[in-house]
1. Among the residues of segment 10-31, what is the count of those that are at pLDDT 95 or above, in a loop (DSSP other than H, G, I, E, B) and not charged (D, E, K, R)?
2. If a residue has to be of a type outside the set (Lys, Arg), without any contact (Cβ under 8 Å) to a residue 40 or more places away in the chain and part of a loop (DSSP other than H, G, I, E, B) to count, how many in segment 33-79 make the cut?
3. Can you spot a residue in segment 2-21 that is polar (S, T, N, Q) and more than 10 Å from the chain's Cα centre (by Cα)?
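The values are calculated or read from the model by the stated rules, or taken from the named source; none is laboratory data. Small disclaimer: the values here were computed from a predicted structure and weren't measured. Glycine gets a Cβ as well: all are built from the backbone with ideal geometry, and neighbour counts include every protein chain shown.
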Amino acid sequence: MDIRSAVRVFLKDKAPKGVGFTDSDNLLMKGVIDSLRMLDMINFLESQYRLKVDEDELMPENFESVSAITRFVEERIKT
């Protein structure tokens, strides 16, 4: 499964019932994730892709949408 699909599946599983989203939607604004779900997302990314998310990387632009999360992970696993 590619990164984008894995992120979508993870978020759909964690999102409140009835909350839909697209790849470009702001996940916080749509209510898909909150601070606790964000921690779950980070744990998922770290274990799934064997990377470490540093504190200075916890910026909204890295996690605001499925597209942003996908870009972030793609860049991290390249290095």
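1. Final tally of qualifying residues: 4.
2. Qualifying residue count for the region: 9.
3. Start the filter on segment 2-21 by keeping residues that are polar (S, T, N, Q), which leaves 5.
Okay, now just the ones that are also more than 10 Å from the chain's Cα centre (by Cα), so 5.
Looking for residues that are polar (S, T, N, Q) and more than 10 Å from the chain's Cα centre (by Cα), one finds at least one in segment 2-21, hence yes.
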